[in-house]
Amino acid sequence: MFQGMKYIYAVYQEKSVSKAAERLCISQPSLSASIRRTEEKVGYPLFDRSTKPLSLTECGEKYIHAAEQIMEAEKGFADYINDWGVLKTGNLVLGGSSLFASWVLPGLIGQFSERYPGVGVELVEESTLTLPSLLQKGRIDIMLDNCELDAGTFDRQIYREEKLFLVVPRKMVSEKLIADYGITKEMIRESEQEGMEIPPIPLRYFADRPFVMLKEENDTRRRSMDILHANRITPKIALELDQQLSSYHVACSGLGIAFISDTLIRAVPPSPDVVYFGLKEKDRCRNISFYWKAGRYKTRAMEEFLRIADNRI
């Protein structure tokens, strides 16, 4: 009854027989017939065809749960077999939020693929809220993020330390404040490489200014609010967004002040419309880490990728 589970699973993921058939490169009638054969073997329907999009029946939910366990076991054995070779074949699935999937992971993937061209690498871009669930279910092997995950559920390797800075529309600050506390992108890079100290700006200067914030579930939002509250500031929030890059562009438009990481600042071209300011050391530092499911078998591909990432710093 699990011979056609990959077909059933594709329909479950797509919530549509037609979309699943297109993804699987088979005809819709063939896929429908395969589903019916599986349902006949099970003895009960797996999908509730009265709903749009297509949903699972109670029996279907149990089937999908069992199928995921089978697929995870198959993947674990395939990964083990691949380790007998020298990484001439195999797969590695990496996950990251938009920031890391766009600006950090591509470079690491390029270095890994140059060394192991036979290993297929997939990059999954999802929100920080979704990625841990994908990691737990075995849909991805490693995720990269600046959040803090449960140490009992996930193992990790620190990639590097990340720092937060204020990005302030130039029209909101005086030339004196810029002269006293303003910093450049080059200074941010040099401070990391040479250990140069950046003087923090007193946040009282921005107590009555509007802020652009990420949404509440984001680590940057939590840290930003902690920093402001520690300085007895209740921010006027002009806009709430999902991504740091969006916050940066909105700050460049002059709408409000944003808390932005050096990861993004170093990646995007500098804008004449904003000024960077430093924060107190204890407030602005956090770790970017690679996470994987605790207790799972680490494939050679995972180990080699993590080793390359560690040596790249």
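The values are calculated or read from the model by the stated rules, or taken from the named source; none is laboratory data. Computed from a predicted structure; not experimentally measured. So basically every Cβ, Gly included, is an ideal-geometry build from the backbone, and we count neighbours across all protein chains shown. Keep in mind that these areas ignore ligands, DNA and RNA; they rest on the heavy atoms of the full protein, side chains included. Shrake-Rupley method; radii C 1.70, N 1.55, O 1.52, S 1.80 Å.
From the helices alone, meaning DSSP H stretches of at least four residues, give me the mean residue ellipticity at 222 nm for the chain, per-run term -39500 (n - 2.57), in deg cm²/dmol to the nearest 500. Each step should come with its number before you reach the end.
Working: 14 runs with 143 residues, N = 313.
-13500 deg cm²/dmol, from helical runs alone.
Please report, as a whole percent, how much of the solvent-accessible surface of the chain comes from carbon and sulfur atoms (probe radius 1.4 Å). That share works out to 51 percent.
All C-alpha pair distances within segment 47-108, sorted into 5 Å bins from zero, spread as 4, 13, 12, 11, 12, 17, 16, 10, 5, 1, 0 percent across the bins. Listed options for semi-axes √(5λ) of the Cα gyration tensor in Å are (i) 45, 24, 16; (ii) 34, 25, 16; (iii) 43, 35, 21. The value calculated from this structure is the one marked (i).
By the gyration tensor of its Cα atoms, with a ≥ b ≥ c the square roots of the eigenvalues, what is the shape of segment 229-286: rounded for a/c under 1.5, prolate for a/b over b/c, or oblate? Cα axes put segment 229-286 in the oblate bin. Directionally averaged projected area (segment 86-169, Cα convex hull): 7.1 nm².
Gyration tensor analysis over the Cα atoms of segment 182-282 returns equivalent ellipsoid semi-axes of 21, 16, 13 Å (largest first, whole Å).
Suppose R0 equals 30 Å. What FRET efficiency, 1/(1 + (r/R0)^6) with r the Cβ-Cβ distance, do S30 and K88 give to the nearest 0.05? Walk me through the numbers on the way to the answer.
Numbers: r = 34 Å, r/R0 = 1.13.
Approximately 0.30, to the nearest 0.05.
Protein heavy-atom accessible surface, 1.4 Å probe, per residue over the chain: 52 Å². Its residue count N sets the reference 2.2 N^0.38 Å, and the alpha-carbon radius of gyration of segment 1-83 equals 1.13 times that reference. Lysine pair count for segment 172-313 (Cα-Cα distance under 29 Å; residues 8 or more apart in sequence or on different chains): 14. For the chain, DSSP calls about 60 percent of its internal beta bridges antiparallel. Placing pseudo-labels 7 Å out from each Cα toward the beta carbon at D219 and I81 gives an inter-label distance of 3.7 nm. Using the Cβ-Cβ distance between A238 and T153 with R0 set to 35 Å, the FRET efficiency works out to roughly 0.45. Peptides 244-250, 75-81, 261-267 ranked from most to least packed, by the mean per-residue count of other Cβ atoms within 10 Å: 244-250, 261-267, 75-81.
To the nearest 20 Debye, how big is the dipole of the chain about its Cα centre, given +1 on the beta carbon of each Lys and Arg and -1 on that of each Asp and Glu?
Working: 42 positive and 44 negative charges, 88 e Å.
Using only the charged Cβ atoms, the result is roughly 420 debye.
Shape summary of segment 1-155, radius of gyration then Dmax from alpha carbon positions: 18.1, 51 Å. Values of log10 I(q)/I(0) for segment 118-242 across q = 0.10, 0.15 Å⁻¹ run -0.48, -0.94, by the Debye formula with one identical scatterer at each alpha carbon and no solvent.
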